[in-house]
Amino acid sequence: MTLSITDVTKRYKIRVTRAQVNALNGVTIDLPAKKTLGIVGESGCGKSTLARMIVGLEQPSSGTVTWNGEPIFDKARNMLSSKHSNIQLVFQDPYSSLNPRQKIGDSIAEVLTVHHLVEKDAVQARIAELLTEVGISPELAHRYPHQLSGGQRQRVSIARALASQPDLLVLDEPVSALDVSVRAEVMNLLIDLRERLGLTYIFISHDLSMIRHISDQIAVMYLGKIVESGPWDSVLENPQHPYTKALIAAMPDHTEVGNNAYEAPLKGEVPDPASMPTGCAFHLRCPIAVPSCSTNAQTLREIEPNHQIACQEVK
Amino acid sequence: MSKPLIEISNLTVSTTDDNRTLVNDVSFSIAPGEAVGVVGESGSGKTLTALSLLGLLPRGVHATSGSITYGGKDLLTADRETLRSIRGNEIAMIYQDPMTALNPVMKLGAQLIEVIQSHGGDTSNAMERVLTAFSEVGIPDPKRAYESYPHEFSGGMRQRVMIAMALILSPQLLIADEPTTALDVTIQQQILALVMQERRKRNMSMLWITHDLGVVANLVDRVIVMYAGRIVEVGSVKEVFTNPQHPYTAGLLASLPKASDKNRTRLLSIPGIPPKPWTVGESCAFSPRCSKADQQCRSSLPVLATNTHTDAACFHLMGDNS
């Protein structure tokens, strides 16, 4: 089983200005089963569009996204008739993804019954099993989301995603909205579930420290393109693309204390995806750009086994 | 130590209808030119403490006791006029979301002029001052910004405008409530660098509120850790981060992934969630989650006391862990 994303682009038209936005621009990813791919990038880099595409909520403008060789988008169109959905999405804010007027047990029951996943008389037992799986006492099934803590609500969203026994979970900023002291336990839960259930993860975050903690492979995105990808340790310990280097330098680090030096590694801001720079999209902010970077589009090339970058200036 | 710029003593903030305590007996001071960070999770009382300094507590919440001494006056009992002359001129604040501080239907230049006017500043060269303020915070085309509306700017640029607005009257103290939380990391880094540079240039004091330990680690001189409405630990940033004495501070630091940890060891988590401050009573609020807690912690309130590394409110300090 693998997730294959091949040369995927996604274009949106802005209705008023008729401008075209390239949210994704030739993205290729191959992820073997039971591995975790961390996708990191800033706003507008296309990471959430990619997440929605992997679960079948968006159709690629060109290119293909397949799971086990089957195109995901077609599959999603028939989702209601298929018995399970192999791919599930967990959102950043469990408060907005759970129905506030539905008891948490009922919101899991809904998934089980809509997809006819278990017999009617087995629903309650399965709810208890799923809640236990994520470390929540089944007695809390009668609570409403607002009666739970942020960490518990995120556990419920994970339980709900697990209800259809997926193989692949797309986790879009799953701990970013949580308080610092509960992030660790949700991260630990995700790692435990991955081992126990043999899950494949796409872990999307702007927080490089969480990406570093959980990923086998990392893809760094900038304006709809992957600029660097590879095994987690080569990407983070031997970063080659100037954008990856800047992201790592910009990560607030609590282990480096009191040197009172903040230097902005990058000038300027992420350009508007509707008026994409020519050539390498990063050249306007790049510390090592040369004139030809404004005309040469960059493609990924391998610099060491499985470690790729899209930059002509790195030798 | 020199005379503090501002001194907060035994500040307690409660809800007006049902008298629930949200901030409990908080005392600290900020020296001239000093940067102090307040770290805490949601509901720890960090934002309410900051808002008290400006007399800006939201409706339904008020300071029930304590004092905030600034320039010989108690800001908690000061009249509206006094507070108004202090806000902006002496103490300014920047927020997480610039749109809460900027008027969406008013040009940016006019908004800064208004700040100068309404605080009785010299308006003869106001436009020039605004343009200088814009260029100081790194806005690329100050003239264009002057004629622009907030929505024409990105989040990072709006944050720069808000900083220009806060600094234009040269305050003695800048209060920052998570101003970089909503920004991308490379933009956050730019804003932190800017604040750092302006603080040094003006020798301004700063109170920086955040939940992000990584942000304050290199930004402030001293750190205050709040938990359930109380200060649980205070100390120099170096001591608090390398020799935390309160088990809560130690637990928070241990729960963060470390960039130097090649083996990616399992994160240590703190079980449970913070209690509501008003439900704690005469006990250590952290005791239900603390592995060191005993009968004493559950039946009496630890007070902030000086130890070899920091000041911590705990009966069972972490000791030397280095």
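The values are calculated or read from the model by the stated rules, or taken from the named source; none is laboratory data. Source: prediction; values computed, not measured. Neighbour counts are summed over all protein chains in view; Cβ atoms, including those assigned to glycine, are modelled from backbone coordinates with ideal geometry. Heavy atoms of the whole protein, side chains included, go into the accessibility calculation; ligands, DNA and RNA do not. Shrake-Rupley method; radii C 1.70, N 1.55, O 1.52, S 1.80 Å.
Does B:G55 satisfy the condition of being more than 14 Å from chain A (Cβ to nearest Cβ), at positive phi and either touching an Asp or Glu at 6+ places or on another chain (Cβ under 8 Å) or not small (G, A, S) (or both)? Considered against the rule, which asks whether it is more than 14 Å from chain A (Cβ to nearest Cβ), at positive phi and either touching an Asp or Glu at 6+ places or on another chain (Cβ under 8 Å) or not small (G, A, S) (or both), B:G55 comes out as no. Taken together, B:L83, B:L76 contain a single residue that is assigned to a helix (DSSP H, G or I), out of contact with any Pro (no Cβ under 7 Å at 6 or more places or on another chain) and closer than 30 Å to B:S42 by Cβ, which is B:L83.
For beta carbons closer than 8 Å, sequence separation of 6+ or different chains, a first residue in segment B:51-70 that is over 16 Å from B:L5 (Cα atoms) and a second that is of a type in the set (G, A, S), the qualifying pairs are B:G55/B:A78; B:L57/B:A63; B:V61/B:S14; B:H62/B:S14; B:A63/B:S52; B:T64/B:S14; B:G66/B:S9; B:G66/B:S27. Taking the criterion of being at pLDDT below 95, part of a loop (DSSP other than H, G, I, E, B) and within 13 Å of chain B (Cβ to nearest Cβ), the only residue of segment A:212-237 that qualifies is A:L223. Considering segment B:141-233, the qualifying helices (runs of 4 or more DSSP H), each wholly inside and each with 2 or more residues that are among the hydrophobic types (A, V, I, L, M, F, W, C) and more than 10 Å from every other protein chain (Cβ to nearest Cβ), run over B:155-167. None of A:D192, A:D253 is surrounded by 17 or more Cβ atoms within 10 Å (Cβ to Cβ) and either more than 8 Å from chain B (Cβ to nearest Cβ) or not in a helix (DSSP H, G or I) (or both) except A:D253. Checking each residue in segment A:84-119 for being assigned to a loop (DSSP other than H, G, I, E, B), open to solvent by 20 Å² or more (accessible area, probe 1.4 Å) and in contact with a Ser or Thr (Cβ under 7 Å, 6 or more places away or on another chain) picks out A:H84, A:F91, A:Q92, A:N99, A:H115, A:L117. Screening segment A:141-161 for residues that are among the hydroxyl-bearing types (S, T, Y) and within 25 Å of the chain's Cα centre (by Cα) and picking the one that is modelled with the highest pLDDT gives A:S157.
Just so you know, in segment A:195-211 the residues that are within 14 Å of another protein chain (Cβ to nearest Cβ) and open to solvent by 10 Å² or more (accessible area, probe 1.4 Å) include one that is farthest from B:A254 (Cα to Cα), and it is A:E195.
The combined condition, being part of a loop (DSSP other than H, G, I, E, B) and open to solvent by less than 30 Å² (accessible area, probe 1.4 Å), is fulfilled by B:S44.
Which members of segment B:228-270 meet the condition of being acidic (D, E), buried (at least 17 other Cβ atoms within 10 Å of the Cβ) and out of contact with any helix residue (DSSP H, G or I) (no Cβ under 8 Å at 6 or more places or on another chain)?
Hit for segment B:228-270 is B:E239, nothing else.
Only residues that are among the hydrophobic types (A, V, I, L, M, F, W, C), surrounded by fewer than 22 Cβ atoms within 10 Å (Cβ to Cβ), within 16 Å of A:R194 (Cβ to Cβ) and in contact (Cβ under 8 Å) with a residue 60 or more places away in the chain were counted in segment A:133-179, giving 1. Among the residues of segment A:149-183, what is the count of those that are at the interface with another protein chain (Cβ under 10 Å from one of its Cβ atoms) and more than 16 Å from A:Q92 (Cα to Cα)? Number satisfying all stated conditions: 1.
Can you tell me which residues in segment B:65-84 are within 21 Å of the chain's Cα centre (by Cα) and not acidic (D, E)? Scanning segment B:65-84 gives B:S65, B:G66, B:S67, B:I68, B:T69, B:Y70, B:G71, B:L75, B:L76, B:L83, B:R84. Would you check if there is a residue in segment B:107-118 being touching a strand residue (DSSP E or B) at 6+ places or on another chain (Cβ under 9 Å) and either within 24 Å of B:I209 (Cβ to Cβ) or open to solvent by 40 Å² or more (accessible area, probe 1.4 Å) (or both)? Checked against the condition, which is being touching a strand residue (DSSP E or B) at 6+ places or on another chain (Cβ under 9 Å) and either within 24 Å of B:I209 (Cβ to Cβ) or open to solvent by 40 Å² or more (accessible area, probe 1.4 Å) (or both), segment B:107-118 yields no hits at all.
The lone criterion from (1) assigned to a loop (DSSP other than H, G, I, E, B); (2) over 25 Å from A:R301 (Cβ atoms); (3) modelled with pLDDT of 90 or more left unmet by A:Q240 is number (2). Which one is nearest to the chain's Cα centre (by Cα), of the residues in segment A:287-314 that are of a type in the set (V, I, T) and assigned to a loop (DSSP other than H, G, I, E, B)? Here the answer is A:T299.
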